[in-house]
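**Q** What follows is a structure written as structure tokens; I'll ask about it next.
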Amino acid sequence: MTPQSPLTLRLAAPRGFCAGVDRAIQIVEESLLKWGAPVYVRHEIVHNRHVVERLEALGAVFVEELDECPDDRPVIFSAHGVPKSVPAEASRRNMIYLDATCPLVSKVHIEAERHYANAREIVLIGHEGHPEVIGTMGQLPEGSVTLIETVEDVATFAPKNPDNLAFLTQTTLSVDDTAEIVAALQARFPGISTPHKEDICYATTNRQEAVKALAPGAGLVLVIGARTSSNSVRLVEVALRAGAADAKLIASADDIDWSWFDGVTTLGLTAGASAPEDLVQGVIDACRARFDLTMQAVKTADETVTFKLPRVLAG
């Protein structure tokens, strides 16, 4: 038996589930306990297949649109938020519905409505087609919000009134990329109204900071998360920018190509905000089976945030 090669595994903290994801999953679980199966969920409750499959096994039915739901069963709106037209239609049909929108996304929705009420032209920094962006733009009449994805978009943006602008951001973006876009907006439009508090959520920021701390000198960084998870995709980009020689997004240990480890002596490991901790442990166990593993914790913040469940479930 050949001796195992040494591998130092730097484990990021914070990582994995955030308070908004925890709350959304609890809403589905508690709804199943309260009303029994099936309970319908519009869009994946969070962007993680493992989470979705576990909830499906408990009796959750995931659909893309409200017209796929019967009137007589509860429906839950995902953590990413929905356009106002969706709860309006649920109310019209007298459905029981629960909103699992992350409170930090709801905060952006409220900001959008405040700016609209003040007759400001609104810019949203985000990724086209992402459910959170669709939900935020859907809080206001069509055409009220302009989506900006890049610094180049800022250069070509032609507002109706450059002196009465406001910007918002998707909560799961890269802090650094967003800072560049914000700087470009403020350079072009010095009077643009900014959020009272940074829109990018605390969990996204904290996970990016932990990756920045573990990436320098790492031969490889693995990020556990779904390709549809914006915050997970951003963590790969952050790792590369912060000095990792390579970085890969994986759904679980099953996705690892062990040839990635050729010449690697230091591995960074983290998980996006919708990835459960058992997937992290699965990667650690797989590494331990193949290498002489030394663990290092890289902790950059403590997270104590929790969000309350909807009142109908709180009793």
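**Q** How much length would be gained if the chain were fully extended between residue 278 and residue 313, taking 0.36 nm per residue of separation minus their Cα-Cα distance, in nm to one decimal?
**A** 9.9 nm
**Q** R0 = 25 Å: FRET efficiency of residue 71 with residue 110, Cβ-based, nearest 0.05?
**A** For residue 71 and residue 110, the calculated efficiency is 0.30.
**Q** Starting from the Cα of residue 212, draw a straight line to each of the lysines and keep only those under 28 Å, dropping any in the same chain fewer than 8 residues away.
**A** Within reach: 107, 197, 248, 299.
**Q** What 222 nm value per residue comes from the helices of the chain, counting each DSSP H run with n ≥ 4 as -39,500 (n - 2.57) and dividing by all residues, nearest 500 deg cm²/dmol?
**A** -11500 deg cm²/dmol
**Q** Between residue 198 and residue 245, take the C-beta separation as r, use R0 = 22 Å, and let me know the FRET efficiency to the nearest 0.05.
**A** 0.15
**Q** For segment 161-269, which trypsin sites (Lys or Arg not before Pro) are both in a DSSP coil and crowded by at most 14 other Cβ atoms within 10 Å?
**A** 197, 227
**Q** Highest GNM mean-square fluctuation, the chain, Cα pairs closer than 10 Å: which of 57, 183, 275?
**A** Sorting by GNM fluctuation, first place goes to 57.
**Q** With charges set only on the Cβ (+1 for Lys and Arg, -1 for Asp and Glu), what does the dipole of the chain come to about its Cα centre, in debye to the nearest 20?
**A** With Lys and Arg at +1 and Asp and Glu at -1, about 700 debye.
**Q** Then there is this: Loop only per DSSP, at most 11 neighbouring Cβ atoms within 10 Å: give me the GluC sites (Glu not before Pro) in segment 46-137, ordered by residue number.
**A** Answer in residue order: 64, 65, 128.
**Q** For the chain, what size does the Cα cloud have along each of its three principal axes, sorted from largest down, in whole Å?
**A** So the three principal-axis extents are 69, 54, 30 Å.
**Q** What whole-number volume per residue, in cubic angstrom, does the convex hull of the C-alpha atoms of segment 19-102 give?
**A** Taking only Cα atoms, segment 19-102 has a hull volume of 78 Å³ per residue.
**Q** Here's a follow-up. Which ³J(HN,Hα) values in Hz, rounded to whole numbers, follow from the phi angles of segment 152-166 under the Karplus curve 6.51 cos²θ - 1.76 cosθ + 1.60, where θ = phi - 60° and Gly and Pro get x?
**A** Working through the residues one at a time gives 5, 4, 4, 5, 9, 5, 10, x, 6, 9, x, 8, 9, 10, 9 Hz.
**Q** Which loop trypsin sites (Lys or Arg not before Pro) in segment 33-142, with loop taken from DSSP, have no more than 16 other Cβ atoms within 10 angstrom of their Cβ?
**A** 84, 93
**Q** Among 135, 182, 161, which residue has its Cα positioned farthest towards the positive end of the charge dipole of segment 103-200, with +1 placed on the Cβ of Lys and Arg, -1 on the Cβ of Asp and Glu, and the dipole taken about the Cα centre?
**A** 161
**Q** Here's another thing I want to ask about it. In whole percent, what relative contact order does the chain give with Cα contacts below 8 Å and a gap of six or more residues?
**A** Relative contact order of the chain: 26 percent.
**Q** Would you work out which of 102, 86, 74 lies farthest towards the positive end of the dipole of segment 19-102? Charges go on Cβ: Lys and Arg +1, Asp and Glu -1.
**A** 102
**Q** Which length gain, in nm to one decimal place, applies between residue 295 and residue 89 when the Cα-Cα distance is subtracted from 0.36 nm times their residue separation?
**A** 69.0 nm
**Q** Within segment 55-75, which residues have the backbone N less than 13 Å from the label spot 7 Å out from residue 37 along Cα→beta-carbon, could you tell me?
**A** 55-62
All of the numbers you see were taken from the coordinates with simple rules; none came from a lab. Keep in mind it's a predicted model, so treat the numbers as computed, not measured. Heads up, the Cβs are rebuilt from the backbone with ideal geometry, glycines too, and the neighbour counts pull from every protein chain shown.
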